[in-house]
Amino acid sequence: MSKRWLFGGLMLALVAAAPIFSLAPAAHARPEMRAGDDTPKMVELVMTDGRVIKAQILSETATEYRVLAFLMEGFPAVETTYRKSAVQEVRALEADAADSADTAPATKTNDDAKKNTSNAKDADKAAQIILTRVDGEIGFDFSPTPLRKFFTLVDETFNDLDERGDVVTDHRKDHIVIFYFNTQTYEAGGIDGLFSIMDIKEILQDEMKKGRRIVFWVERAVNGAAVLPMMSPEIFFTDNGDMLVTKDLDKFGQGGDDVVIEKQISLRLGHAEGFPILGGYTDVGPQIVRAMLRSPYEFWYKKVGGKVIAINDPPPPDDIENWIQLSDDGKGENQDKLGEDDNLFVIGNDRLWLDAARAYDLGIAKAICNTTDDIAFHLGVGRNYKLMLEDGGAEVFQRWSRELDRALRQISQGGNGRPRGELWKQFDKAGELNGIQAQLGRRKNSLEKIVGILRKYQEVFDPEGQTIAQLNVQIELLRQQIMQANAQN
């Protein structure tokens, strides 16, 4: 495990920040109305996946349509965005067909009782969504303990489990958990941050197995966090969303034994490839992950009958014109230039990275959504939904972050702008006490308290238990020294 906030001094300042979970929506500018389109016309959008959608085109850019779409019977039209690459044809509708679209409110009835009953039934059928924004560091603020507590709160809020603890069939589609991602794992460790999310993966996998619908909405997902959303079959991007890894796995362990290094690389790559396989992206996901993690893996793709075909080697020369290349091998003239700081991550093409357009075109993102209404529409619930929990369950994670901050004030060894923890200060000042027994006893007591805090938050501070083991050795030595000092007296 490469993550060492506590004793490596690399990431200790993270939890000192302000609360990091919120539901504040981001603002996004909308495209301008096309000239001469004061009155939007009804059209049919023939999609590349075979769907035909009735819509009014509200605005248009070089790459997308902003439309008022009429997809679901019984639901009002929803304003959303489609990329032009996903639209095969735009057909104008005849006047009578346009008039038949559900563009106006239903005719009022004189029977108010029936109307009220109908409204009440619609409210009862409303989908329930818990939307939680994740801005902290995965494996630290967003880690197994608060995540388990979060899903306990989810179960209590939805109240939809059967006697076996599974989600009842009637609510497997309309009770939805959405994680809005603007997050990363341990940056200095690159993809080694993957190991900090393995326990999180198991928790999410168990929730999905019991029928919980889990959706990822990506604004930014970096390093280990880049592969975590791929375990869900439902991923959405904001229009400025991206996924990337800042370290080249091919540079792992440089200078060591080549055989051992390759085994370690293969281990990490195998773990990472497992995430898109879980999410059902078997045709393209592993190829994406390989090209994201290792520069020698190129990434090429093409579409055949609407299906994405992806490979990590150059296609045959006689077919190369039919393929799109997103990353090269990073060798020789292909190597991206880094500049003065060799540790600076440069968005180039030595390794694959995904923005919203790429993710959508490759079939990783189901749609590009900037508002809750957008994503609800693409989840099939239209506007007939309600957000559950005022803070989206954020207090569970905020409380955990506060606990970690208090713990660090006790056990931090200092450095990188963070002061030395109170327990270590006590350890340092032990020599000021009178008598060797008192000095040894103070040191032993301080280390025991540090170990106690480490055990409580071990999943974050010492996942492999190495630090706890080292401190226990020191505690035992101090105990023996105390016994010797007492025997001499």
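Computed from the coordinates by the stated procedures, all read-outs in this text should not be read as laboratory data. From a predicted model like this one, the values you see are computed outputs, not experimental measurements. Positions of Cβ are backbone-derived with ideal geometry, glycine not excepted, and every protein chain shown enters the neighbour counts.
Each residue in 424, 217 was given a count of other beta-carbon atoms within 10 angstrom of its own, and listing them fewest first yields 424, 217.
The mean of 1/r over all distinct Cα pairs in region 351-489, once inverted, gives the Kirkwood hydrodynamic radius of 19.9 Å. Overall size of region 125-392 from C-alpha positions, given as principal axis extents largest first: 59, 42, 34 Å. Built from the Cα atoms of region 127-280, the convex hull projects on average onto 9.9 nm², one quarter of its surface area. For the pairs 149/209; 263/456; 54/307; 54/386; 84/173, flag any whose C-alpha to C-alpha distance is greater than 21 Å. Over 21 Å apart, Cα to Cα: 263/456; 54/307; 54/386; 84/173.
So for each of 283-290, 415-422 I average, over its residues, the number of other beta carbons within 10 Å; can you give me the resulting order with the highest mean first?
On the way: 283-290: 23.1, 415-422: 14.6.
For the peptides 283-290, 415-422, the packing ranking is 283-290, 415-422.
Relative to the current alpha-carbon distance between residue 319 and residue 302, full extension at 0.36 nm per residue lengthens the span by 5.1 nm. Expressed in nm², what is the orientationally averaged projection area of the convex hull enclosing the Cα positions of region 391-443? Taking the Cα atoms of region 391-443, their convex hull projects to 4.8 nm² on average. Remark on residue 59: its backbone amide H falls under 5 Å from those of 66, a criterion applied only to residues 5 or more positions apart or on other chains, H modelled at 1.01 Å from N.
Please report the orientation-averaged projected area of region 411-488, defined via the convex hull of its C-alpha atoms, in nm². Present the calculation step by step, with values, prior to reporting the outcome.
On the way: hull surface 21.9 nm².
Quarter of the Cα hull surface area: 5.5 nm².
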